[in-house]
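First comes the structure, then the notes that go with it.
What follows draws every value from the coordinates through simple rules; no lab data is involved. Remember, it's a predicted structure, so these values are computed and weren't measured experimentally. Glycine also receives a Cβ, built like all others from the backbone with ideal geometry; neighbour counts cover every protein chain displayed.
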Amino acid sequence: LPGILGMNMMFSCLFGVGFVIVRYRKNGFLKRLKATPLGAFNFLFAQLISRLLLIMIITTVVYAGCNLFIEFNMQGSYWDLLLVTTLGAMCMISIGLLIAAHTASEELAGGMLNAITWPMMLLSGAWFSLEGTHVWVQRLADVFPLTHLIAATRAIMNEGATLAQVMPHVWVISAMSAVFLAIGAYIFKWE
């Protein structure tokens, strides 16, 4: 279940944000916003918060629906799970914003988003464990936020890990979010 929830969040965050910003740019909506005192960081941060609320509502509904039909045993704290999934969603939304910050066409944005999602899906541990793979494959997997999100949520849900025990994953996800959002704001183009 942590893998399914993580992949659902990844697709919603990346494609739900990336295409919208590119469409705003293509339709001239961003060009009109450029005339206002709104800065690039403020615009991207507002997009992040609005998408985050939507993603968290959808993820909560999916989680509750799965729990209703499957009745899985939650070992850890729901508050820890909520914090980790919120930070993970912020990180993946930040990636979507970073890609959309400078992309002018939906086709290019779609290709870039697909180029990111496939390695994340394969190397995140959502489908299969990476324990038997080469060390360099495991190190490559650590580059992706979905790996840290799934590892942290799996530890909380299945093993009853506390927030302190998954803190390395939380720090990595938080740092990635800040870096992606900062770079996205720096390279953002209104037109």
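Some observations on this one:
- Cα-based reach from residue 31 at 18 Å (exclusive), listing aspartates and glutamates while leaving out same-chain residues under 8 positions away: 106, 191
- Across all directions, the average projected area of the convex hull around the alpha carbons of region 34-79 is 4.5 nm².
- Take the Cα of residue 58, step 7 Å toward its Cβ, do the same at residue 190, and the gap between the two points is 2.9 nm.
- Nearest 10 degrees, 0 to 90: helix 78-100 Cα axis against the chain principal axis: 30 degrees
- The packing ranking, built from the mean of other Cβ atoms within 10 Å per residue, places the peptides 134-141, 65-72, 106-113, 118-125 in the order 118-125, 106-113, 134-141, 65-72, highest first.
- In order along region 124-130, the phi-based Karplus estimate (6.51 cos²θ - 1.76 cosθ + 1.60, θ = phi - 60°) of 3J(HN,Hα) comes to 7, x, 6, 9, 8, 6, 9 Hz; Gly and Pro are listed as x.
- For region 17-143, the fraction of alpha-carbon pairs lying more than 22 Å apart is 52 percent, rounded to a whole number.
- Region 115-191 versus region 22-58: alpha-carbon centroid distance in Å: 24 Å
- Computed from phi, the 3J(HN,Hα) profile of region 31-48 under the Karplus parametrisation 6.51, -1.76, 1.60 (θ = phi - 60°) reads 5, 5, 5, 4, 6, 8, x, 5, x, 5, 5, 4, 5, 5, 5, 5, 5, 4 Hz, with x in place of Gly and Pro.
- With R₀ set to 45 Å, the beta-carbon distance separating residue 1 from residue 42 gives a calculated FRET efficiency near 0.80.
- Folded to 0 to 90 degrees: helix 2-27 orientation relative to the chain principal axis, Cα: 0 degrees
- Tilt relative to the chain, helix 145-159 - C-alpha long axis, 0 to 90 degrees, to 10: 30 degrees
- Unit Cα scatterers, Debye sum, region 1-85: log10 I(q)/I(0) for q = 0.17, 0.19 Å⁻¹: -0.78, -0.90
- Rel. contact order, % - alpha carbon contacts under 8 angstrom, at least six apart, the chain: 39 percent
- The charge dipole of the chain, taken about its Cα centre with unit charges on the Cβ of Lys, Arg, Asp and Glu (plus for the first two, minus for the last two), comes to roughly 840 debye.
- Phi-derived couplings, Karplus 6.51 cos²θ - 1.76 cosθ + 1.60 at θ = phi - 60°, listed residue by residue for region 108-115: 5, 4, x, x, 5, 5, 5, 5 Hz, with x used for Gly and Pro.
- Given R0 = 30 Å, the distance between the Cβ atoms of residue 138 and residue 86 translates into a calculated FRET efficiency of 0.70.
- As a size descriptor, the averaged projected area of the C-alpha convex hull of region 57-103 was calculated at 4.0 nm².
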